Each structure stands twice: as C-alpha cells, then as structure tokens.
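Student: The structure is given below, and queries will be raised subsequently.
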Amino acid sequence: MDHYRPKSAIIGVDGPGYWWLAYVPSNYRLACGFCNSGGAQINGQSGRRTKSNHFPLLDESTRATGELSDYAKEQRVLLDPADGRDARLIGFDMEGYARRRSGVPRSAAEVSRFLCRADETIRILDLNRELLVEDRKTTMDNISGLAPLLTIATAAPTAREMIERKIGIRSDWSTAALEALRMHPQAADELIRHVSYPSQPGPIAPAPGREVDLTDLGFLISARVLKPGFTLTAEHDGDLREAEVLVDGRISCNARVWSTPTSAARAVTGREDIDGWTFWTINVNGATTSLAELRDPYRGQPLPGDHHPAHGA
C-alpha cells in the first residue's frame, strides 16, 4: 500500500508533504515495493529511487497546501491508476513495453511545459524495467497464440476460458493481455466488447489551425528539420551522453525509448530538474545546436507542412 500524494515530504519541494492525507483511504494505492521505494536498475546498474516521495506537478503554483484545497486544480504529472482518464493514457506494444497511447492528444498544460505525463510516469516508476517487459511479452504472446483458436469450433471453448482468465482484472498483466487481444478483433470481438477496460482510441486528426505540439520531436521530423537516425549528444558530469532520434519522433538512449527530450535527459542523468530541450544538442551543418533552438521558431505556429528543407541533407 502506498500514499499517492506523499505524506511526509515531496522530492524537489521545500516543506512538508500532504501530512493531512496520511490516514485518508482515498489517498491509498496498491503498489509493489519496487515502485514505491527504490532499487531501479537499468542495464543491471542500480539507479535512483522510484516513486518514493515523488509527486511533481506541471505547475507548482497549483499544489494543494491544506485540507480545504481543491485537488482537482493540481496539475499532476504522475498518472493515477485509480483515475480512468489517466489509465487510458498508457498502453503496451507487443514487445511488452509500456507506451503512451498515440491517439490521445496531450493536455494544454503538458504541451506548454514540453512534458508528457505518461512518459514521466513510466520513467519515475521504471515501468519498462526488464522483468516487467519480459512478463508482459510472455503474456501477450500467449494471448496471440490463443486468439486464433476462437474461430475453431473444437478449440474455442477452452481458448475462451483461458483468455478470460488472463484478461480478468484480478490477473497479472491483464491490461497487457487485453492489448494483445485487441490485435485480433475478428476472432475476439465479442470478448473485447464484454471487457470493461477502455478501448484504445483511434488516431485523432488535428483541427484546422491547430498549433504545433512542441512536446516531442515529431513536429521537427514533419518539418524535415530532423531526420530519423540523427544522433543527439550532451555532456553531463564530464561524460558524453548520446541518443538516437527514431522515425516516430521518440528518442532511444541507454536501451530505453522516451517520448520527450526531457524524459530522455532525466533518465540518463538521474536528475529531476533537467530541461531536455537545452540538454540535448545536434550537429546541424557543422554547427552545434540545441533542440530548444530548433524548437523555438515553431512556438505558436500552425502544424508544419512538408515544404521545409532538411538540415544536413
């Protein structure tokens, strides 16, 4: 059991935590010991504490300060598993990795601060640590093997029973199992309809005149300012850090993939105050340029077209 809002102290914030919520059941969440405290490992190396007393906000001025505060006004970073709206933001790919669902637009607060709540939650809780990914993938592979049997009369009853157990809310990796089941809509449509979990949203077309979402690198790839495969570099504590830009705008570093420059930078440095846009640099036509310098001309601009020339082409 864990306190969603820390009761004694908050990492990175001066002053006490939410002491008045120490014995309020609505602030309790089921949590494993790893996510609640520490021992995060990346590539076999011990890292920082995970959830512990983390409770960052997108806007610190919205933080609740007492029993009469309106918690709905807090611009929380960490997703709340007890909030159905937050639960819709994270899904899993077929390799078992937790990812932000691409069909849901980011909030205005996320966009204005160049952060992704889902990505930060995955990073802080280390939801893509090796053992979790392996177990999710095993479950998803099992579902992928069972789903086609639903169309075979002699095998369907047994396959259905096994699938229902795996997607039941009391089963480990049930959400990952359901993600895999959704990959077989023709065979498993009836089962999917009867599950209460929210379905993955489809792609959302941008409204006319919508401003560029400056949270990730996707807009720079669309504008042909960046290309997939470009190397990002940064210096930290005397060491050179490198990352690779992927085709969908995500960033790969230290065998992990991140949606935003800031989450990637915080993952490789272990620091919570890093701005990834000023941290990462790239060589453009022989000159070193920060991602912030590439981003800033697009502030307040409509979604870019394909007429921009590519740097370094």
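Student: What's the total number of residues in segment 86-98 that are within 24 Å of residue 10 (Cα to Cα) and surrounded by fewer than 16 Cβ atoms within 10 Å (Cβ to Cβ)?
Tutor: Number satisfying all stated conditions: 1.
Student: Right, next: One residue is enough: does segment 55-66 have a residue meeting the conditions closer than 24 Å to residue 186 by Cβ, of a type in the set (A, V, I, L, M) and at pLDDT 95 or above?
Tutor: Checked segment 55-66: no residue is closer than 24 Å to residue 186 by Cβ, of a type in the set (A, V, I, L, M) and at pLDDT 95 or above.
Student: Is it fair to say residue 178 is outside any loop (DSSP other than H, G, I, E, B) and crowded, with 16+ Cβ neighbours inside 10 Å? Outline the logic, then answer.
Tutor: Values: outside any loop (DSSP other than H, G, I, E, B): yes; crowded, with 16+ Cβ neighbours inside 10 Å: yes.
Yes, satisfied.
Student: Here's something else I'd like to know. Could you check segment 249-304 and list, in sequence order, the residues that are touching a residue at least 12 places away in the same chain (Cβ under 8 Å), surrounded by 15 or more Cβ atoms within 10 Å (Cβ to Cβ), assigned to a strand (DSSP E or B) and of a type in the set (S, T, N, Q)?
Tutor: Within segment 249-304, 281, 290 meet the criteria.
Student: Considering only segment 112-126, I want to know if a residue exists there that is closer than 20 Å to residue 192 by Cβ and either touching a residue at least 60 places away in the same chain (Cβ under 8 Å) or surrounded by 14 or more Cβ atoms within 10 Å (Cβ to Cβ) (or both). Walk me through it before giving the result.
Tutor: Of segment 112-126, the ones closer than 20 Å to residue 192 by Cβ are none.
Scanning segment 112-126 turns up no residue that is closer than 20 Å to residue 192 by Cβ and either touching a residue at least 60 places away in the same chain (Cβ under 8 Å) or surrounded by 14 or more Cβ atoms within 10 Å (Cβ to Cβ) (or both).
Student: Report whether or not residue 64 is assigned by TED's automatic domain parsing to the domain that holds residue 22 and hydrophobic (A, V, I, L, M, F, W, C).
Tutor: It is true that residue 64 is assigned by TED's automatic domain parsing to the domain that holds residue 22 and hydrophobic (A, V, I, L, M, F, W, C).
Student: A further question on this structure: For segment 97-146, give me each residue that is part of a helix (DSSP H, G or I) and of a type in the set (Val, Ile, Thr).
Tutor: 111, 121, 122, 124, 133, 138, 139, 143, listed by residue number.
Student: Given (1) at pLDDT below 90; (2) within 28 Å of residue 53 (Cα to Cα), where does residue 253 come up short, assuming only one miss?
Tutor: (1)
Student: Going through 101, 129 one at a time, which residue ends up being closer than 17 Å to residue 87 by Cα and either buried (at least 21 other Cβ atoms within 10 Å of the Cβ) or in the same structural domain as residue 87 (by TED's automatic domain parsing) (or both)?
Tutor: Being closer than 17 Å to residue 87 by Cα and either buried (at least 21 other Cβ atoms within 10 Å of the Cβ) or in the same structural domain as residue 87 (by TED's automatic domain parsing) (or both) holds for just one of 101, 129, which is 101.
Student: Where residues in segment 153-175 are basic (Lys, Arg) and exposed (fewer than 13 other Cβ atoms within 10 Å of the Cβ), which of them is nearest to residue 91 (Cα to Cα)?
Tutor: Here the answer is 170.
Student: Being part of a loop (DSSP other than H, G, I, E, B) and either out of contact with any helix residue (DSSP H, G or I) (no Cβ under 9 Å at 6 or more places or on another chain) or not aliphatic (A, V, I, L, M) (or both) is the filter here, so list the residues in segment 80-96 that pass it.
Tutor: 80, 81, 83, 88, 93, 95, 96
Student: Continuing with the same structure: Say whether the condition of being over 28 Å from residue 268 (Cα atoms), in a loop (DSSP other than H, G, I, E, B), more than 21 Å from the chain's Cα centre (by Cα) and at pLDDT 90 or above is met by at least one residue in segment 28-51.
Tutor: Within segment 28-51, not a single residue is over 28 Å from residue 268 (Cα atoms), in a loop (DSSP other than H, G, I, E, B), more than 21 Å from the chain's Cα centre (by Cα) and at pLDDT 90 or above.
The values are calculated or read from the model by the stated rules, or taken from the named source; none is laboratory data. Just so we're clear, the structure is a prediction, and the values are computed from it rather than from any experiment. We place every Cβ from the backbone using ideal geometry, glycine too, and count neighbours over all the protein chains shown.
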